[in-house]
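What follows is a short report on a single structure.
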């Protein structure tokens, strides 16, 4: 069963990766390494891809919590939406179950986010927060609702129920059946999957990185439509085709990104690899990933997380 704290293992670097992936190095076709001068100038993000490779030592199913599920929870009435994402965490029969029309919340409007407190398979309360394209909000709360949640199959059933918003005017009905997709893993075979499909980073990340001759850089990025541009400043160094970028915050904490880089004509590709093999506690990392993916404990052999960014020279 998914425990929310484990999400941080895989997700903590994602926002920075998007920013850092806007910074890359150039490499002429056929060269063994890169020259620093090839990086000088501005590079614009073109595309972004994220995937994971997973190897299990038994045949089993893996839960795809951050992909659209099977079925939907429908909202009808004054507001309408189909909610197809479901994830949860908890144990001992007590779970927090979240359902939404997307995983980005107010970063991708309209946003419908439902929270359900489940005790022994039955809901004790449900709340729903709706934010529309004009940023108007509608909040719904009910203390008792007919909900069944199967902690083994992760299937959620909500008997259609009417909700009235806290403005005492907006009325909707909510109901339906939803469960997360699962992916079959074959023993001792490496499977490639995008665990974070629902976050759609490739479509949201826009930015330009400028590499300066004094080994400083700046990235100006917009992570989603309508967001204020974010500026990241740091230093960079190059060793062959390995680019290292360092960003230090006001508290002195350094965030370091190391990437493999290559270039064909004016297109630059940056690949960042991570995973449990890079952790000091490999066994602990594998165990947390197993919990996160709903796998049988002690069966995950390897896990690698790969980010690939393509950029285009603009000057």
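Taken together, the values in this text are just the output of simple stated rules run on the coordinates, not laboratory data. These numbers come from a predicted model, not from an experiment. When we count neighbours, we look across all protein chains shown, and the Cβ atoms used for this are built from the backbone with ideal geometry, even at glycine.
Descending by average beta-carbon neighbour count within 10 Å, the peptides 253-262, 110-119, 166-175 line up as 110-119, 253-262, 166-175, the highest first.
Most tightly packed first, judged by the mean number of other beta-carbon atoms within 10 Å of their residues, the peptides 69-79, 229-239 read 69-79, 229-239. Neighbour counting of Cβ atoms within 10 Å sorts the residues 89, 43, fewest neighbours leading, into 89, 43. For the peptides 51-57, 275-281, 137-143, residues were scored by their other Cβ atoms within 10 Å and the scores averaged per peptide; the highest-first order is 51-57, 137-143, 275-281.
Each label was represented as a point 7 Å from its Cα along the Cα-to-Cβ direction; for residue 264 and residue 231 these points are 3.6 nm apart. Inter-label distance, residue 181 to residue 220: 3.8 nm, where each label sits 7 Å from its Cα along the C-beta direction. Once the chain from residue 135 to residue 152 is taken as fully extended at 0.36 nm per residue, the excess over their C-alpha distance is 2.4 nm.
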